[in-house]
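In what follows, a structure is listed as structure tokens, so that the remarks can point back to it.
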Amino acid sequence: MKKIILIIIALVWISALIILIISLTDIYPNTIFKEHRSVVGIGFIVVSGLLKLIYNSFINKNKNVTLN
């Protein structure tokens, strides 16, 4: 269960990073993110901050329990 939660956190962050890369570069010329680059950037920062809080609370809660 613990590993699944950590994997989900990682997948959410990686997907947010991919969306950020697509919006800030012209890999795909006509994307829906192209016109809202600043919103995507701010959203990435917010998502990263929230995931860090979730990760830290998860780690502190399970500090004495090993990942098996």
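Laboratory data are not the source of any read-out in this text; all were calculated from the coordinates shown. Not measured: the values here are computed from a predicted model.
Extension gain for the segment Ile27 to Ile4, taken as residue separation times 0.36 nm less the Cα-Cα distance, is 5.2 nm to one decimal.
Taking θ as phi - 60° and the Karplus parameters 6.51, -1.76 and 1.60, the scalar couplings of segment 33-38 work out to 8, 4, 7, 10, 5, 5 Hz in sequence order, x denoting glycine and proline.
Listed values for segment 9-23 are Karplus-derived 3J(HN,Hα) couplings in whole Hz (6.51 cos²θ - 1.76 cosθ + 1.60, θ = phi - 60°), namely 4, 5, 5, 5, 5, 5, 5, 5, 5, 5, 5, 5, 5, 5, 6, and x replaces Gly and Pro. Shown for the chain: lysine pairs separated by 8 or more places, or found on different chains, whose C-alpha atoms are under 18 Å apart, numbering 8.
Size descriptors for the chain: radius of gyration and Dmax over Cα atoms are 15.3, 49 Å.
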